[in-house]
Amino acid sequence: MVKYKEKLEEQKVFIDGEWTTASKGDTYSIINPSTGKTFVKCQKCDAEDAKKAIDAARDAFDNGPWPEMSIEEKTKIFYKVSAMIEEDTWEICQLDASCNGVPVSHHNSTVMNMSPNFEYACEQAKELAKPDTTEKEYAMGMETMVVREPDGVVTIITPWNVPFWQMALKLPSALISGNTVVFKPASQAPLSGLEVAKMFEKAGLPKGALNVITGPGPVVGAEMAKSDKVDHIAFTGETVTGKEIVRNAAGNLKKVTLELGGKSPNIIFDDLSTDEAAEMATLGVALANGEECFAGTRVLVQETIYEEVCKKTAEIYGSLKVGNAISAETTVGPLVTEEQMNKVLGYIESGKEEGATLLCGGNRLQEGELKDGFFVAPTVFSDVSNDMKIAREEIFGPVISMIPFSTEEEAIEIANDTIYGLAGGVMTNDREKGIRVARKIKAGNIFLNEWHVLACDMPFGGYKQSGWGRMVGNKGVEEFMQIKSIYPDWEGIGSSIMKNLLLSGGDTE
Ligand code: NAP
C-alpha cells in the first residue's frame with residue numbers, strides 16, 4: 001500500500017500480472033486541487049497499451065485458471081482483499097482526497113458503504129454457481145437446467161468523484177463471477193484502483209484476471225469500448241460519454257451497462273419544521289462537494305415554508321467548513337480541477353443572469369490556505385424555476401437550486417421534468433404520502449427523510465438518460481453473467497417429444 005505523502009513517486013500500471021510503464025514512456029501529472037501542486041505522476045497509456053491489457057484479459061479468460069476455479073477458491077482471494085481494504089481504508093481515502101478534493105471523511109463514508117460488496121458479491125456468486133434444476137411447468141417434463149456463466153472479458157471505466165466507491169460498485173461483481181477484467185479509473189483519481197490491483201496480486205489472483213491501466217478516456221477508454229475482444233463494458237460517467245460508449249460498443253454488440261448523470265429532485269413538504277427542512281436540503285448535496293451523481297441539487301420546497309427554508313439552507317450550507325480535502329475537519333473541499341471550478345462558476349453566472357436570487361456563496365475562495373486551490377463557496381439560489389439552466393443541467397459542484405411548489409401533483413410534475421432519473425428524495429413525516437410520492441418519481445433510487453445512504457445489497461442504477469442496468473443488489477453479480485437454458489431429454493433419443501411432433505406427423509402416442 002502506498003502511504004500518503006504530499007508528493008508520491010510515479011505510479012505504474014498493472015497488465016498481465018506485471019507492473020509496467022506506458023509503452024511509449026509517456027506520463028501525466030495529477031494536480032492536488034487543494035494545493036494546486038503536483039501530487040503524483042501516472043502512466044499515460046494509449047490504445048496499444050489498452051489492446052495489450054485486453055489481450056491479457058482475453059487470454060486469462062480463454063486459457064487461464066480464473067474462470068474455471070471453484071467459487072470457494074475465488075472467495076478465499078476476495079476475503080483476503082476485503083481484509084486488506086479494511087486495514088488500509090484511511091490510506092485509500094487520503095490518496096483519493098488528494099487527487100479529487102473530496103473531503104477525506106466523505107471518502108471514508110463511501111469506502112465503508114461499498115467495501116462490503118467484496119464479500120457480499122461472493123455470497124451471491126456462490127448461489128449463482130448452483131444450477132437451477134427446479135421443475136419447469138412448461139418444459140414437457142424434462143429435467144431442465146438453467147446455468148449462469150461469466151460474460152467473458154469485461155472492461156470497466158469509472159469517473160473521478162468517488163473513485164473507490166465507483167470501483168467497488170462494479171469490480172467485485174464482475175470478477176467474482178469468473179470474468180476477467182480491464183479497469184480504467186478516471187485519469188484524475190486512479191490511485192485507489194491501482195492499490196486494489198496490488199491487493200489482488202498479493203492475495204493470489206491469477207495473472208491477467210485483473211488489469212488496471214491509466215490514460216485518457218477518449219483514447220484508452222474508446223479502445224475498451226470498441227474492441228471486439230471485449231464482451232461487456234461497464235461504464236460510469238457523463239451521459240454524453242455514455243452515448244459515445246454505446247456507439248463504440250455497437251461493432252460487436254457487446255453488453256453495455258451504464259451509470260450516468262443526474263439532476264435529482266429533493267421534495268420537501270411543509271409538515272417538516274423549517275430547521276429540519278433546511279438540514280435535509282443541505283444533506284442532499286453535502287457529499288463530495290456536490291460532485292455527486294445522485295446529489296439532490298433541485299430542492300423543491302412547499303411554498304408555505306419556502307422563504308424561511310431558503311434562508312436557513314443558505315445559513316447552514318454557507319457556514320460549512322471549507323478547507324484542504326486531506327483535513328478530517330473539512331466538510332467542503334476544492335473542486336476536482338481548475339476547469340471544473342470554472343465550469344461551476346459559469347453555471348453560477350448563468351443562474352444570476354436568468355434571474356435566480358443568490359443567497360450565499362457564488363464565488364471562488366482564495367483566502368489563506370485556500371489560495372492556490374480550486375475552491376468554490378457553497379452556493380444557494382432561490383427563486384429558481386425548473387426551466388433555468390441551473391435546474392436542468394448537471395452542475396457537479398456545491399450549488400443548490402431551490403424551487404417552490406404548491407401541491408403534491410405539482411411537485412411530482414417538476415421532479416419528473418428532467419432527462420435524468422438517477423435519484424430523488426421525499427421529506428415528510430406522512431408515511432403514506434412519502435411512499436406514494438416515492439413511487440411517482442421516475443428514478444432508480446429514492447431517499448425518504450434521508451440522503452446518500454446506499455447499500456451493496458440494494459440495486460443501484462437509473463431511469464431515462466441516467467443509465468442502463470443495475471449494479472450491486474440482488475442482481476449485481478448476475479449483470480455480469482450470461483444465462484443458459486439446458487433441455488435434456490433423458491428418456492432416450494427414440495422418445496424425443498419434438499422428434500415425434502415434427503418428424504412423425506404429430507403422432508405423439
Ligand atoms: P466522464 O468525463 O464521462 O468520464 C468518466 C470516465 O470515462 C473517465 O474514466 C474518463 O477518462 C472516461 N472517458 C472519457 N471519454 C471517454 C470516451 N470517449 N470513451 C471511453 N471513456 C471515456 O465523467 P466525469 O467527468 O469523470 O464524471 C462525472 C460524471 O459522472 C457526471 O456526469 C456524473 O453524474 C457521472 N457519474 C454517474 C454516476 C452514476 O452512478 N450514475 C456516479 C458518479 C458519477 P478520463 O478520466 O481520462 O477523462
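Working note: Karplus 6.51/-1.76/1.60 with θ = phi - 60° gives region 329-335 the couplings 7, 6, 10, 10, x, x, 6 Hz, where Gly and Pro are set to x. Look at the dipole of the chain built from charges on Cβ: of N342, G361, V477, the Cα furthest out on the positive end belongs to N342. Could you tell me which of the pairs K170/K433; K130/K226; K37/K207; K51/K198; K80/K254; K343/K442 are separated by over 30 angstrom between their Cα atoms in the structure shown? Distance filter (> 30 Å) returns K170/K433; K130/K226; K37/K207; K80/K254. Whole-percent P(r), region 217-343, all Cα pairs, 5 Å bins from 0: 2, 10, 14, 14, 13, 12, 11, 9, 7, 5, 2, 0.
Taken as Cα centroids, region 464-488 and region 13-59 sit 30 Å apart, rounded to the nearest whole angstrom. Note that region 141-151 has calculated 3J(HN,Hα) couplings of x, 6, 7, 5, 9, 10, 10, 10, 9, x, 5 Hz, one per residue in order, obtained from phi through the Karplus relation 6.51 cos²θ - 1.76 cosθ + 1.60 (θ = phi - 60°); glycine and proline are x. Think of it as helices only: each DSSP H run of n ≥ 4 in the chain is worth -39500 (n - 2.57), and spread over all residues that comes to -11500 deg cm²/dmol at 222 nm. Sort region 141-279 into rounded, prolate or oblate with this rule: let a ≥ b ≥ c be the square roots of the eigenvalues of the Cα gyration tensor; rounded if a/c is under 1.5, and if a/c is not under 1.5, prolate when a/b is larger than b/c, oblate otherwise. Prolate, because a/c is 1.5 or more and a/b exceeds b/c. Across the options P265, I497, N324, the greatest Cα extent toward the positive end of the charge dipole of the chain (unit charges at beta carbon of Lys, Arg, Asp, Glu) belongs to N324.
For the chain, a simple Cβ point-charge model (Lys and Arg +1, Asp and Glu -1, everything else neutral) yields a dipole of about 1120 debye relative to the Cα centre. Overall, the ratio between the Cα radius of gyration of the chain and 2.2 N^0.38 Å, rounded to two decimals, is 1.06. Relative to the current alpha-carbon distance between R436 and D59, full extension at 0.36 nm per residue lengthens the span by 130.6 nm.
For region 254-404, the orientation-averaged shadow of the C-alpha convex hull comes to 10.4 nm² (one quarter of the hull surface).
Rg then Dmax, both in Å and based on the Cα atoms of region 24-147: 21.5, 70.
Sorting the Cα pairs of region 353-509 by distance into bins of 10 Å, from 0 upward, gives 8, 23, 23, 16, 10, 8, 6, 4, 1, 0 percent per bin.
In sequence order, region 218-230 has phi-based couplings of x, 9, 5, x, 4, 5, 5, 7, 7, 3, 6, 7, 9 Hz under the Karplus curve 6.51 cos²θ - 1.76 cosθ + 1.60, θ = phi - 60°, and Gly or Pro positions carry x.
Taking amide H as placed 1.01 Å from N in the peptide plane, C360 has its amide H under 5 Å from the amide H of V380, each at least 5 places away in sequence or on another chain.
Taking only the alpha-carbon positions of region 205-245 and ignoring solvent, what does the Debye formula give for the base-10 log of I(q)/I(0) at q = 0.15, 0.16, 0.34 Å⁻¹? Debye curve over Cα of region 205-245, log10 I(q)/I(0) at q = 0.15, 0.16, 0.34 Å⁻¹: -0.42, -0.47, -1.29. Taking amide H as placed 1.01 Å from N in the peptide plane, the amide H of L210 sits under 5 Å from that of V181, each at least 5 places away or on another chain.
Put simply, the amide H of I403, placed in the peptide plane, has neighbours under 5 Å in V299, L300, V301, leaving out anything fewer than 5 places away on its chain. Charged side chains reduced to their Cβ positions (Lys and Arg at +1, Asp and Glu at -1) give region 354-433 a dipole of some 300 debye around its Cα centre. Highest mean packing first, where packing is the average number of other Cβ atoms within 10 Å per residue, the peptides 317-328, 34-45, 126-137 line up as 34-45, 317-328, 126-137. Protection proxy ranking for 95-102, 401-408, 191-198, 289-296, using the average of other Cβ atoms within 10 Å per residue and placing the highest first: 95-102, 289-296, 191-198, 401-408. First check a/c for region 463-509, with a ≥ b ≥ c the square roots of the eigenvalues of its C-alpha gyration tensor; if it is under 1.5, answer rounded, and if not, answer prolate when a/b is larger than b/c or oblate otherwise. Cα axes put region 463-509 in the prolate bin. When +1 charges are put on Lys and Arg Cβ atoms and -1 charges on Asp and Glu Cβ atoms, the dipole computed for region 68-115 relative to its Cα centre reaches about 80 debye. A dipole drawn for the chain from +1 and -1 charges on Cβ atoms has a positive end, and of I31, N445, G424 the residue lying farthest that way is I31.
Every number here is computed from the coordinates shown, using simple stated rules; none is lab data. Just so you know, these numbers come straight off a predicted model, no measurement behind them. As a convention, Cβ positions derive from the backbone with ideal geometry for all residues, glycine included, and neighbour counts pool all protein chains shown.
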